[in-house]
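The values are calculated or read from the model by the stated rules, or taken from the named source; none is laboratory data. No experiment lies behind these values; they were computed from the predicted model shown. Cβ: placed from backbone, ideal geometry, glycine included. Neighbour counts: every protein chain shown.
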Amino acid sequence: MLWSGWGDPALARELPEQVRALLRDFLGVRAPDVPAVGLESVRLPPAALSEPLLGALAEVVGSAYVLTSHEARVRHTRGKSTPDLLRMRAGDGSAAPDAVVLPGSHEEVAELLRVCSAERVAVIPFGGGTSVVGGLTASGSGFTGVIALDLGRLDRLVSVDPESLVASFEPGVRAPEAERLLAAHGLTLGHFPQSFEYATLGGFAAARSSGQASAGYGRFDDMVVGLTVATPTGTLDLGRAPKSAAGPDLRQLVLGSEGAFGVITSLRLRVRRAPDERRYEGWRFGTFAEGAAAMRALAQEGPLPTVLRLSDETETMIGLAKPDAIGSGGSGCLLIAGYESTSTSGGDSGWGSVAARQAGAAAVLTRMGGEPLGAEPGEAWERGRFSAPYLRDSLLAAGATVETLETAGFWANLPRLYDAVRLALAGALGSPLVMCHISHVYESGASLYFTVVVAQEGDPVAQWEHAKEAVNAAIVAAGGTISHHHGVGRDHRDAYAAEVGPVGVSILQAVKARLDPAGILNPGTLIPTTA
Ligand SMILES: Cc1cc2nc3c(=O)[nH]c(=O)nc-3n(C[C@H](O)[C@H](O)[C@H](O)COP(=O)(O)OP(=O)(O)OC[C@H]3O[C@@H](n4cnc5c(N)ncnc54)[C@H](O)[C@@H]3O)c2cc1C
């Protein structure tokens, strides 16, 4: 993983000429004056942890697993939001942890939390490092020091229960490895977020992730049937049955807790039989509203495809649904539908075989005014589904800020939310390029996912933070949730407080105080500081 960008450097993407022309002529993008720094030039604060404390940590995990090198600290500084990358490219490593610690078992995690609580060392659980909401930004204020607790050594598939279709994993398994391990059993998780290549199972649970095939396989929190969590006050082991009436479901308290309540050390996940047939296709709608109405019909009446995604007019024109062929969009709004099924199970969501679901969905999409475009747009989307983040690095280098943000709401409120976000962005940024798609649908509502491109001006971090503040306020005012799948982190903390209200905030604070009395776990993330 690039320390100041996304992914495998060998897969870096050149900007196509159409995109360069668009940036130059319509957005006024100019190359930045100062090039990005090299890793060795990132400025880090002096390490705060004393030798005896580092020794105490090494006693728990072994000295080979306590890293204090410049490179290890840089690679665990912040996540992968655009402000994170802009700061790293500028050489600002001020949020670096003092050390990176890699535990090898649940017991080691529990013991580390005990030592760190006693010594007041802040602990930032670190999965794949792909947080885009400031969920990994260390704050050492009031602490002896900060460690990044890298879960990369906890990377095993522990067991598979083929009868219940449940697999037990350690939290540091990255998504591609999870799929590879499950494929050996003829199984799949079916969780394919755009961060698939690097994000971990523990991170998905901690941040309530949702993948591109959520219509068929569900969100990640739907997949979690059990969890083990190490907290400073003891171990939580949750999930004896898929569903239960034994009081409130405490699994839900851990899902989305972003490392602020404890460290997930084991996950029991519902898995599916791997599909042996996949088909993707494109449809065109005249307007975003017409396409959204068609998605709603599919979500409410069925049959629901496995993948369902609708780009608005601007995103369709730019061609963002086909990142490998960007610049080749068209008019109207492109809808991508994908169908996956196994011959034995008859489909990932119980809607039947691929052919039957495709035909059923086609009838609904046609009735709602869709024009079939055949397999090509769907297959192009499928080929390029993980490549868009690579384009961001090229855009940043070219002098454009590109960032994504998301929300969700009930169908009846979606148009208001869509307008509110676009208006807030225009008010804060002048004339940015704003694209949107819907890619997660439910019977009662859907998510809205925006991609924003704007010429960098002055301090690009401050420029974006100003816009983000305006959007957060607009989402709250328009009745949407502050996040459908990116989570809260630091960036959404205040808006989350507004969303859950003072009683909700006091519940979060009480749970935090009970599980983490010294407040060492991910300080500053998730938990609002005032009611
Ligand atoms: C290019 C890009 C595309 C993305 N696309 C999507 C998408 O399509 N869908 C989506 O849902 N998200 C997406 N994300 C956001 C991100 O990938 C998710 O939030 C993901 O769940 C984070 O997983 P991770 O392993 O990288 O966790 P990290 O980023 O390492 O951690 C995320 C948070 O969880 C905490 N944490 C991590 N592991 C544990 C653990 N074991 N126990 C307790 N706390 C823990 C961390 O402290 C942090 O607060 C994207 C991000 C990027 C950069």
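For the range 352-388, enumerate the residues that are under 26 Å from Glu14 (Cα atoms), crowded, with 22+ Cβ neighbours inside 10 Å and not hydrophobic (A, V, I, L, M, F, W, C).
Answer for the range 352-388, where residues must be under 26 Å from Glu14 (Cα atoms), crowded, with 22+ Cβ neighbours inside 10 Å and not hydrophobic (A, V, I, L, M, F, W, C): Pro377, Gly378, Arg385.
Restricting the range 507-531 to residues that are hydrophobic (A, V, I, L, M, F, W, C) and outside any loop (DSSP other than H, G, I, E, B), which is nearest to Thr235 (Cα to Cα)?
So, considering only residues that are hydrophobic (A, V, I, L, M, F, W, C) and outside any loop (DSSP other than H, G, I, E, B), the one nearest to Thr235 (Cα to Cα) is Leu515.
Quick one: how many residues across the range 205-253 are in a helix (DSSP H, G or I) and free of Cβ contacts under 8 Å to residues at least 40 places away in the same chain?
Of all residues in the range 205-253, those in a helix (DSSP H, G or I) come to 205-206, 214-217, 220-223, 251-253.
Then drop every residue that is not free of Cβ contacts under 8 Å to residues at least 40 places away in the same chain, which leaves 220-221, 251-252.
Adding up the residues that qualify gives 4.
Is there any pair with a first residue in the range 179-195 that is at positive phi and within 16 Å of the ligand (Cβ to nearest atom) and a second that is of a type in the set (Lys, Arg) and outside any helix (DSSP H, G or I) whose Cβ atoms are under 9 Å apart and which are 6 or more apart or on different chains, and what are they?
Between residues of the range 179-195 that are at positive phi and within 16 Å of the ligand (Cβ to nearest atom) and residues that are of a type in the set (Lys, Arg) and outside any helix (DSSP H, G or I), the close pairs are Gly190/Arg272.
Scanning for something in a strand (DSSP E or B), closer than 17 Å to His76 by Cα and modelled with pLDDT of 95 or more, does the range 151-169 turn up at least one residue?
Taking the range 151-169 as the starting set, the residues that turn out to be in a strand (DSSP E or B) are 157-161, 166-169.
This time we only want the ones that are closer than 17 Å to His76 by Cα, so: none.
Among the residues of the range 151-169, not one is in a strand (DSSP E or B), closer than 17 Å to His76 by Cα and modelled with pLDDT of 95 or more, which makes the answer no.
If I filter the range 401-421 down to residues being away from the ligand (no atom under 16 Å from the Cβ) and of a type in the set (A, V, I, L, M), which single residue comes out as nearest to Asn472 (Cα to Cα)?
Only one residue tops the list, namely Val421.
Regarding the range 471-485, can at least one residue be identified that is farther than 23 Å from Leu255 by Cβ, part of a strand (DSSP E or B), touching a Gly at 6+ places or on another chain (Cβ under 9 Å) and more than 16 Å from the ligand (Cβ to nearest atom)?
Checked the range 471-485: no residue is farther than 23 Å from Leu255 by Cβ, part of a strand (DSSP E or B), touching a Gly at 6+ places or on another chain (Cβ under 9 Å) and more than 16 Å from the ligand (Cβ to nearest atom).
Take the residues in the range 60-118 that are under 18 Å from Asn522 (Cβ atoms), among the hydrophobic types (A, V, I, L, M, F, W, C) and in contact with a helix residue (DSSP H, G or I) (Cβ under 6 Å, 6 or more places away or on another chain), then tell me which one is surrounded by the fewest Cβ atoms within 10 Å (Cβ to Cβ).
Taking the candidates together, the pick is Val115.
Among the β-branched types (Val, Ile, Thr), more than 12 Å from the ligand (Cβ to nearest atom), surrounded by 22 or more Cβ atoms within 10 Å (Cβ to Cβ) and under 26 Å from Ala175 (Cβ atoms): does that describe Val158?
no
Which count do you get for residues in the range 108-149 that are at pLDDT below 95 and of a type in the set (Gly, Ala, Ser)?
5
Being within 14 Å of the ligand (Cβ to nearest atom), part of a loop (DSSP other than H, G, I, E, B) and buried (at least 23 other Cβ atoms within 10 Å of the Cβ), is that true of even one residue in the range 262-279?
Yes, some residue in the range 262-279 is within 14 Å of the ligand (Cβ to nearest atom), part of a loop (DSSP other than H, G, I, E, B) and buried (at least 23 other Cβ atoms within 10 Å of the Cβ).
When you look at Gly302, is it touching a helix residue (DSSP H, G or I) at 6+ places or on another chain (Cβ under 6 Å), modelled with pLDDT under 95 and farther than 22 Å from Pro193 by Cβ, yes or no? Can you show your working first?
Numbers: touching a helix residue (DSSP H, G or I) at 6+ places or on another chain (Cβ under 6 Å): no; modelled with pLDDT under 95: yes; farther than 22 Å from Pro193 by Cβ: yes.
When the stated conditions are applied, Gly302 does not pass them.
So for the range 235-256 (the condition being surrounded by 19 or more Cβ atoms within 10 Å (Cβ to Cβ), at pLDDT 95 or above and in contact with a His (Cβ under 7 Å, 6 or more places away or on another chain)), does at least one residue qualify?
Within the range 235-256, not a single residue is surrounded by 19 or more Cβ atoms within 10 Å (Cβ to Cβ), at pLDDT 95 or above and in contact with a His (Cβ under 7 Å, 6 or more places away or on another chain).
Which members of the range 458-471 meet the condition of being within 15 Å of Gly427 (Cβ to Cβ) and free of Cβ contacts under 8 Å to residues at least 60 places away in the same chain?
Correct list: His466, Ala467, Glu469, Ala470.
Could you give every pair whose Cβ atoms fall below 7 Å, whose first residue belongs to the range 504-528 and is farther than 12 Å from Val121 by Cα and at pLDDT below 95, and whose second residue is assigned to a helix (DSSP H, G or I) and among the small types (Gly, Ala, Ser), counting only separations of at least 6 or pairs across chains?
Pairs found: Pro528/Ala497.
Just give me the residues in the range 112-140 being more than 7 Å from the ligand (Cβ to nearest atom), among the small types (Gly, Ala, Ser) and either over 27 Å from the mean Cα position of the chain (by Cα) or on the phi > 0 side of the Ramachandran plot (or both), in sequence order. Break it down into steps so the answer makes sense when it comes.
Going residue by residue through the range 112-140, those that are more than 7 Å from the ligand (Cβ to nearest atom) are 112-123, 133-134, 137-140.
Of the ones still in play, those that are also among the small types (Gly, Ala, Ser) are 117-118, 122, 134, 138-140.
The answer is Ser117, Ala118, Gly134.
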